[in-house]
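Trainee: Please read through the structure below; I'll follow up with questions.
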Amino acid sequence: MTINKRINTEHDPIDVLIIGAGPSGAIAAALLVQKGRKVLVLEKEEFPRFSIGESLLPQCMVFVEEAGMLEAVQAGGFQFKNGAAFQHAGKYTDFNFNEKFTPGPGTTFQVQRARFDKILADESARVGADIRYRHEIITVDVGGAKPLVTYRTPEGEIHAASASFLLDASGFGRVLPRLLDLESPSNFPVRQSCFTHVKDNIGDLTFDRNKILISIHPKSRDVWYWTIPFSNGTCSLGVVAEKPFFDDYAENLNERLMSIVHEEPHLSALLANAEIIQPARQISGYSANVKSLHGKGFALLGNAGEFLDPVFSSGVTIAMKSASLAVALLDRQLSGETVDWESDYAVPLKKGVDTFRTFVTSWYDQRLQEIIFHHDQPVNVKAMICSILAGYAWDDSNPYVSQSERRVNVLAEICRV
């Protein structure tokens with residue numbers, strides 16, 4: 001790309017340049033600053049800004065605490081969350097995350113991401129990270145002694161900065177995969193989600209606002225809805241299906257979403273008085289993969305590397321886990337140690353991602369649905385599954401992590417019998 005403007009070069013040495021100030025970027029920045037590293041974060045958007053991925057998993061709280069942000073998040077007034085509920089065709093079941101197999105936090109929050117992400121970013125800046133909003137990455141060169149990034153400021157000026165290492169925390173923006181030709185096709189079908197926020201006006205006193213509710217379409221079991229209650233009487237509401245499913249509905253996204261919602265009797269009754277408070281949105285083809293999670297002078301965090309599916313709210317957990325893993329490795333490297341990014345970062349990160357992948361795949365082919373809705377779940381097995389639903393997908397002592405595909409297959413067959 002030819003840039004016809006004078007390039008202003010940063011002169012202060014930068015240890016790590018992070019692309020994106022979302023959860024993985026903010027967590028990574030705070031952890032690096034704690035270790036005495038000079039960090040520059042370039043974020044394309046202005047915060048606060050809207051994002052989905054609003055139902056956190058308890059595993060997230062481990063990383064929030066590690067980054068020194070727990071008190072700020074707890075003071076944020078977010079909706080307490082202690083589990084997940086599932087319902088389909090009159091069947092209802094739930095998982096209490098405090099009854100999981102793996103040690104660790106059993107509760108978390110359901111968050112409006114605009115405010116949540118701003119809290120994390122502000123905490124990162126408070127401890128010393130240099131965060132610059134409305135700064136757009138233009139080019140990245142990793143061929144030299146140090147990675148070199150050119151970016152555009154809000155005033156339209158072109159600047160360049162070199163750093164000892166780059167972390168791409170750009171999420172669905174996927175900056176380095178695009179610029180460095182790292183994109184790889186996902187093996188998931190192209191799915192689409194349509195979503196909004198509503199003032200829910202739920203009068204049903206049996207409705208548990210402390211849990212995300214996952215509902216399944218009465219006729220198409222690969223179509224599902226999320227209902228994520230917030231502390232201010234609103235909900236995040238969305239539906240996920242393969243793209244052709246939406247073709248039979250209105251082009252107006254508000255009408256489209258509510259028409260599909262009213263096809264599910266329980267959800268229709270629950271949200272009978274709901275009022276849409278922001279225009280519905282739609283995204284498609286969000287599942288993504290890359291050829292490699294790292295390269296010379298860089299690593300990819302969270303959704304910038306791989307995104308599976310929103311069904312088990314794994315995105316923010318994977319993002320924060322990747323930040324924690326990468327920072328520990330990067331600190332060693334910046335201290336002069338030789339590190340192996342494949343064996344010490346990519347392989348362990350993928351272990352948990354593959355566990356979630358088994359759960360996502362088996363959800364859509366209905367094996368996991370058979371397990372979740374089975375009327376007689378052994379307590380110990382339910383606790384193991386509960387751990388993964390709570391985000392503890394890296395716990396090798398859990399058979400549903402260490403042997404996820406085989407265990408799910410066997411259990412689904414037992415449930416069918």
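Any read-out appearing in this document is the output of simple, stated calculations on the displayed coordinates, not a laboratory observation. All values reported here derive from a predicted model rather than from experimental measurement. Ideal geometry is used to build each Cβ from the backbone, glycine not excepted, and the neighbour counts take in all protein chains shown.
Trainee: Between I27, I19, I52, which gets the highest mean-square fluctuation from a Gaussian network model of the chain, Cα cutoff 10 Å?
Mentor: Sorting by GNM fluctuation, first place goes to I52.
Trainee: Something else now. What is the calculated FRET efficiency for I277 to Q74, with r their C-beta to C-beta distance and R₀ = 30 Å, to the nearest 0.05? Before the final figure, lay out the partial values.
Mentor: Working: r = 26 Å, r/R0 = 0.86.
Rounded to the nearest 0.05, the efficiency is 0.70.
Trainee: Rounded to the nearest 10 degrees, what's the angle between the helix 404-416 long axis and the longest principal axis of the chain, both from Cα atoms, 0 to 90?
Mentor: The angle comes out at about 10 degrees.
Trainee: Along the Cα→Cβ direction, 7 angstrom out, place labels at V190 and N232. What is the inter-label distance in nm?
Mentor: 3.6 nm
Trainee: Counting other C-beta atoms within 10 Å, and keeping those with at most 12, which DSSP coil GluC sites (Glu not before Pro) do you find in the stretch 267-363? Don't skip to the end; give the middle numbers.
Mentor: Details: sites: E275, E306, E337, E342; in loops: E306, E337.
Sites meeting the loop and neighbour criteria: E337.
Trainee: Separate question: Can you tally the net charge around V311? Count Lys and Arg as +1, Asp and Glu as -1, for every other residue whose Cβ sits under 12 Å from the Cβ of V311. Each step should come with its number before you reach the end.
Mentor: On the way: positive: R191, R357; negative: D222, D309.
Charge balance in the 12 Å sphere: 0.
Trainee: Principal axis lengths of the chain from Cα atoms, whole Å, largest first?
Mentor: The Cα atoms of the chain stretch 64, 47, 40 Å along the principal axes, largest first.
Trainee: What percent of all Cα-Cα pairs in the stretch 102-207 falls in each 5 Å bin, counting up from 0?
Mentor: Spelled out bin by bin, the stretch 102-207 gives 2, 7, 11, 15, 16, 15, 13, 10, 6, 3, 2, 1, 0 percent.
Trainee: DSSP loop trypsin sites (Lys or Arg not before Pro) in the stretch 278-366 with at most 13 other Cβ atoms within 10 Å of their Cβ, which ones?
Mentor: Working: sites: R281, K291, K296, K321, R332, K350, K351, R357; in loops: K291, K296.
Here the sparse-neighbourhood loop sites are K291, K296.
Trainee: OK, next. Just tell me which lysines come within less than 26 Å, Cα to Cα, of K243; anything on the same chain fewer than 8 places away is out.
Mentor: Here the lysines satisfying the reach criterion relative to K243 are K219, K291.
Trainee: So how far apart, in nm, are the two label points at R126 and E65 if each is 7 Å from Cα heading toward Cβ?
Mentor: If labels sit at R126 and E65, their model points lie 1.8 nm apart.
Trainee: Looking only at R407, R367, R209, which one moves most when the chain is put into a Gaussian network model with springs between Cα atoms under 10 Å?
Mentor: Answer for the Gaussian network model of the chain: R407.
Trainee: Can you give the FRET efficiency to the nearest 0.05 for R332 and D248, using r as the Cβ-Cβ distance and R₀ = 41 Å?
Mentor: Numbers: r = 54 Å, r/R0 = 1.33.
For R0 = 41 Å, the calculated efficiency reads 0.15.
Trainee: A follow-up question, please. Based on the alpha-carbon gyration tensor of the stretch 230-381 and its eigenvalue square roots a ≥ b ≥ c, which shape applies: rounded if a/c is under 1.5, prolate if not and a/b is larger than b/c, or oblate?
Mentor: Working: a/c = 2.42, a/b = 1.83, b/c = 1.32.
It comes out prolate by the Cα gyration axes.
Trainee: Using helices alone, I'd like the mean residue ellipticity at 222 nm for the chain: each DSSP H run of four-plus residues gives -39500 (n - 2.57), total over residue count, nearest 500.
Mentor: Details: 13 runs with 131 residues, N = 417.
Rounded to the nearest 500, the figure is -9000 deg cm²/dmol.
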